[in-house]
Amino acid sequence: MTYSRVAIHFNERLCVWVMPKPLRIVIAKPGLDGHDRGAKVVARCLRDAGHEVIYTGLRRTPEQIVRTVMDEDADLLGLSSLSGAHGHLFPRTCQLLAEADLTHVVVFGGGIIPEEDRQSLFDAGMRAIFGPGTTSEEINSFVDEVSSRLQQEESIGSGEENDWRWGA
Amino acid sequence: MELDEAIEGSRLALSRALTLVENGLSFSTEEDGMVIGVTGAPGVGKSCLVDRIATSLAKDGIKVAILAVDPSSPVSGGALLGDRIRMQSADVDDLIYMRSLATRGESGAVPSVIGNMTNLLKECGWKHIIVETVGSGQAEFKIAAVADTILLVEAPGRGDSIQAEKAGIIELVDLIAVNKSDLPQAEAAASDIEQALSAGSKDIPVMLVSAQTGDGVSELVQKILETEGQSMTRPKWREKLNSEWMRQLNSHPDLESMLDGLEEGSLNLDEAINNLRR
């Protein structure tokens with residue numbers, strides 16, 4: 001559960017208040033990869049930590065994933081790939097998020113991502129990459145850190161300028 | 001964040017505005033619309049069927065918004081919302097908007113914020129709204145408080161004909177779809193339900209459909225649309241009134257002080273109720 005400051009304009013009136021809000025997290029499987037055990041375990045671990053998790057199911061295109069993130073008003077997006085196509089699919093998703101004015105969404109990834117591929121994914125705006133052997137405690141610590149940075153109104157979305165990344 | 005932008009048609013602004021409403025902002029509207037409630041037991045195929053219905057409406061150029069509810073964990077408060085897995089048309093069709101919702105600790109198969117969310121959607125031009133409840137049993141009536149038309153989804157192999165004789169949600173519904181018509185027992189299930197209903201006073205159509213193959217879906221959609229404007233029965237008004245009464249009670253400015261009084265013993269229950277009625 002996080003608290004967010006909300007300011008809205010309606011009929012030329014400005015209303016500001018603070019409301020409790022669970023984090024909404026989309027877990028997505030881009031591309032033709034059919035291995036979703038890892039994605040399901042992560043979704044379950046985030047659910048057990050009190051977040052609202054939307055799982056997309058298998059074989060989604062980056063366009064479909066961005067549509068899901070938009071409709072669900074998600075705060076975070078987790079991408080899972082074990083097929084080797086992360087080098088194309090992850091940056092493409094970040095790019096489409098930016099084009100859809102969703103630069104504030106915090107993007108993280110997981111699966112089989114070789115060490116030498118990771119820097120370019122961070123450069124594309126991703127804030128964390130988790131490989132095999134990652135514990136659910138570590139995933140939860142990452143999300144907690146994201147949550148507290150968001151509450152301090154730090155800009156850590158995939159399309160926002162910020163050097164922070166998990167584990168750096 | 002601009003509510004006005006949502007009303008002007010921005011999908012992104014609509015999403016954010018829905019979040020505000022989901023978190024407690026109240027919203028009312030003068031706009032007309034049609035809220036279709038879809039309910040039924042877990043596993044009967046509600047999500048798949050909703051996807052088919054939405055696709056069929058969109059094919060006729062009708063914009064349709066879907067609010068799909070899944071349960072929150074009573075332990076952690078978190079939720080795993082999986083309806084999108086079966087509603088993939090929402091990811092490609094601009095005429096379909098789909099939002100997953102968690103119950104957030106409320107019972108009754110639909111959270112009470114849904115009414116405000118449907119109001120916002122109507123205001124933003126989404127006149128046809130499908131609300132899918134969590135998989136529910138016989139006694140979850142709260143869908144009647146938000147839906148104009150209620151579709152009960154059934155499936156073969158869910159018990160004998162006495163199930164359809166029991167009192168409950170079946171008395172509030174406008175239509176019954178027996179899903180999985182591609183399975184052998186479907187026709188027998190449909191005729192069991194029809195026989196049970198034939199003793200009642202209300203004429204409720206029972207239709208065979210298959211969300212798997214798409215058979216019967218366009219006929220079902222036609223029937224749903226035909227109920228527009230004539231489905232508000234007395235029991236549904238009762239549920240709406242109940243629900244609005246509860247909402248007003250729970251948002252009454254003096255509620256906390258009345259509870260304080262009751263706790264301290266300075267008020268009795270009758271006095272508290274009379275004060276809240278004023």
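Tabulated data for the structure shown
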quantity	calculated
Over region A:49-149, relative contact order from alpha-carbon pairs under 8 Å, at least 6 apart, %	26 percent
Tilt relative to chain B, helix B:255-264 - C-alpha long axis, 0 to 90 degrees, to 10	60 degrees
Options B:15, B:147, B:85, ranked by Cα towards positive dipole end of the protein assembly as shown, top entry (Cβ charges)	B:85
Set of lysines with alpha-carbon distance to residue B:63 below 16 Å, sequence-local pairs under 8 removed	B:122, B:127
log₁₀ of I(q)/I(0) at q = 0.11, 0.12 Å⁻¹ - region B:3-232, Debye sum with one point per alpha carbon	-0.52, -0.62
Student exercise, region B:138-278 dipole from Lys, Arg, Asp, Glu Cβ charges, in Debye to nearest 20	220 debye
Over chain A: helical MRE at 222 nm, DSSP H runs n ≥ 4 each giving -39500 (n - 2.57), nearest 500	-11500 deg cm²/dmol
At R0 = 35 Å, FRET efficiency that the Cβ-Cβ distance of residue B:268 and residue B:237 yields, to 0.05	0.65
Dipole-positive endmost among A:69, B:175, A:136 within the protein assembly as shown (Cβ charges, Cα centre)	B:175
Over region B:233-278: Kirkwood hydrodynamic radius from C-alpha pairwise inverse distances, Å	11.6 Å
Average beta-carbon neighbours from other chains, 10 Å sphere, peptide B:70-82	6
Gyration tensor (alpha-carbon) shape descriptor, region B:164-262, a/c threshold 1.5	prolate
Spacing of the two label points (7 Å from each Cα toward its C-beta) at residue B:94 and residue B:76, in nm	3.8 nm
Per residue, in Å², the accessible surface of chain B once ligands and nucleic acids are set aside, probe 1.4 Å	47 Å²
Crossing angle, helix B:46-59 versus chain B [Cα axis fit, 0-90 degrees, rounded to tens]	80 degrees
Restraint check, A:40/B:240; A:40/B:236; A:29/B:223; B:46/B:202, Cα-Cα greater than 31 Å	A:40/B:240; A:40/B:236; A:29/B:223
Residues whose placed amide H lies under 5 Å from that of residue B:79, excluding near-sequence neighbours	A:51, A:52, A:53, B:73
Whole-number D in µm² s⁻¹ for region A:22-151, Kirkwood Cα-pair radius fed into Stokes-Einstein, 20 °C, 1.002 mPa s	149 µm²/s
Relative contact order, percent, region A:28-95 [alpha-carbon distance under 8 Å, six or more residues apart]	47 percent
Whole-Hz couplings from phi, Karplus 6.51/-1.76/1.60, listed for region B:7-22; x for Gly and Pro	5, 6, x, 6, 5, 5, 5, 4, 4, 5, 5, 4, 4, 4, 5, 4
Cα convex hull volume per residue for the protein assembly as shown (Å³)	172 Å³
In nm, spacing of pseudo-spin labels at residue B:85 and residue B:249 (7 Å Cα→C-beta vector)	3.8 nm
Helical mean residue ellipticity (222 nm; -39500 (n - 2.57) per DSSP H run of 4+; nearest 500) of chain B	-11500 deg cm²/dmol
Simple Cβ-charge dipole of region A:22-151, Lys/Arg +1 and Asp/Glu -1, about Cα centre, in debye nearest 20	360 debye
Other protein chain Cβ atoms within 10 Å, averaged over every residue that makes up B:88-97	3
Candidate aspartates and glutamates - alpha carbon under 16 Å from residue B:142, same-chain residues fewer than 8 apart omitted	B:70, B:106, B:132, B:171, B:174, B:239, B:244
Cα centre as origin, Lys/Arg/Asp/Glu Cβ charges: region B:42-158 dipole, Debye	40 debye
Degrees between helix B:114-123 axis and first principal axis of chain B (Cα, 0 to 90, nearest 10)	80 degrees
Shielding by other protein chains, B:125-136, mean Cβ within 10 Å	0
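The values are calculated or read from the model by the stated rules, or taken from the named source; none is laboratory data. Model, not experiment: these values are computed from the prediction. Every residue, glycine among them, receives a Cβ derived from its backbone with ideal geometry; neighbour counts consider all protein chains shown. For the accessible areas, the whole protein counts, side chains as well, though only heavy atoms, and no ligand, DNA or RNA atoms are used. Shrake-Rupley method; radii C 1.70, N 1.55, O 1.52, S 1.80 Å.
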